[in-house]
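Comments concern the structure below.
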Amino acid sequence: MIGFLGEPLAVGLILHYLEGKGKKPKLISLKVTQGTRKGSRLDAWISDEKDKLYQTEIKMWGGNAIGGLYIKEEAETNWLAAKSESQWHKWLWDSNKGTFRDDNVRKVLTPMRKPKEYDAWDVEPLLCLWWMVQPSAEDQAWFTLDLPENQHPPFKKVHVFSLTRYLMSLEENVLELELPLLGTRLEWLKKVFPA
């Protein structure tokens, strides 16, 4: 189920978050490559404003993954903040080097070839995680880190979005989400299990 619904739900939640900030976001493409046959691949191009694109990497790691954090329903805020910070520093971010620890995450900082009709748009990297993470207690579900100068050109910053943290911050009992990938996934399912 994680593989089937995880990415569509993640994209839907990114769009929901950006809409809540007054933006008009949309999924542009699922083809995010360097323009070569080999090399890094990401998961989605998502537009924010009329001239901004996020090259987006979605990590499906959950509470049961190595380093994952199982969250009890009655978990206290201080415990959540401490565990989220611990996960961030232990598993994701190397403060000394000013970059992500793992190549599978660091690839979000690799410049990708923009879709043709978006050549003039600005691009910023966005790492989307199911893990509950934050660099410090004050950070929200979506936070932005400044990158060391000239370390990951042309990028000067990276955005990180914790889906679990976002879901826990919502007061709604029911969410209406745009799930642009779901149709494709349902078609895959029909091919695997034909009627």
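The values are calculated or read from the model by the stated rules, or taken from the named source; none is laboratory data. Predicted model only: the values in this text are computed from it and were never measured. Note: ideal-geometry Cβ built from the backbone for every residue, glycine included; neighbour counts use all protein chains shown. Side chains included, ligands, DNA and RNA excluded: accessible areas come from the protein's heavy atoms. Shrake-Rupley method; radii C 1.70, N 1.55, O 1.52, S 1.80 Å.
Skipping prolines and chain starts, which residues have an amide H placed within reach, meaning under 5 Å, of the one on VAL123, given they are 5 or more residues away or on another chain?
Those qualifying (amide H under 5 Å, at least 5 residues apart or on another chain) are LEU53.
When the accessible area of the chain is computed with all protein chains present and a 1.4 Å probe, what percentage of it is carbon and sulfur? The partial results should precede the final answer.
Working: 5800 of 11660 Å².
Percent of accessible area from carbon and sulfur atoms in the chain: 50.
Below 8 Å, C-alpha to C-alpha, sequence gap of six or more: please give me the relative contact order for the chain in percent. Intermediate values should be presented prior to the final figure.
Numbers: 305 pairs, mean separation 45.1, N = 195.
Relative CO of the chain lands at 23 percent.
Given that just one value was derived from the coordinates, which of (1) 67; (2) 46; (3) 54 is percent of Cα pairs over 21 Å apart?
Comparing each candidate, only (3) matches the computed number.
Of the beta bridges DSSP finds with both residues in the chain, what % are antiparallel, to the nearest 5?
Of the beta bridges lying entirely in the chain, close to 55 percent run antiparallel.
Would you calculate the separation in nanometres between label points at VAL174 and GLU73, each defined as 7 Å from the Cα along the Cα-to-beta-carbon direction?
2.1
Quick one: which of LYS31/LYS157; LYS50/LYS116; LYS31/LYS191 span more than 20 angstrom between C-alpha atoms?
Beyond 20 Å: LYS31/LYS157; LYS31/LYS191.
With every protein chain present, what is the per residue accessible area of the stretch 71-110 (1.4 Å probe, Å²)? Show your work: numbers first, answer last.
Numbers: 2520 Å² over 40 residues.
That works out to 63 Å² per residue.
Which ³J(HN,Hα) values, rounded to whole Hz and listed in residue order, are derived for the stretch 95-101 from phi using the Karplus coefficients 6.51, -1.76 and 1.60 in 6.51 cos²θ - 1.76 cosθ + 1.60 with θ = phi - 60°, glycine and proline given as x?
4, 5, 8, x, 7, 6, 6
Show the residues, 5+ positions off or on another chain, whose built amide H is closer than 5 Å to the amide H of VAL32.
LEU42
Kindly point out which whole DSSP H helices in the chain project their C-alpha atoms 24 angstrom or further along the helix axis while averaging a Kyte-Doolittle hydropathy of -1.0 or above.
Numbers: long enough: 2-20 (26 Å, 1.16).
Helices passing the filter in the chain: 2-20.
Which ³J(HN,Hα) values in Hz, rounded to whole numbers, follow from the phi angles of the stretch 27-37 under the Karplus curve 6.51 cos²θ - 1.76 cosθ + 1.60, where θ = phi - 60° and Gly and Pro get x?
Result, ordered by residue: 6, 8, 6, 9, 9, 10, 10, 7, x, 10, 6 Hz.
Find the relative contact order for the stretch 16-56 and round it to a whole percent, using C-alpha pairs within less than 8 Å whose residues are 6+ positions apart. Display every interim value, and only then the final one.
Numbers: 63 pairs, mean separation 14.0, N = 41.
Reported relative contact order: 34 percent.
Report ³J(HN,Hα) in whole Hz for each residue of the stretch 137-152, in order, from the Karplus equation J = 6.51 cos²θ - 1.76 cosθ + 1.60 where θ = phi - 60°; Gly and Pro get x.
Along the stretch 137-152, the couplings run 4, 7, 5, 9, 4, 10, 9, 10, 10, 6, 9, x, 4, 6, 7, 9 Hz.
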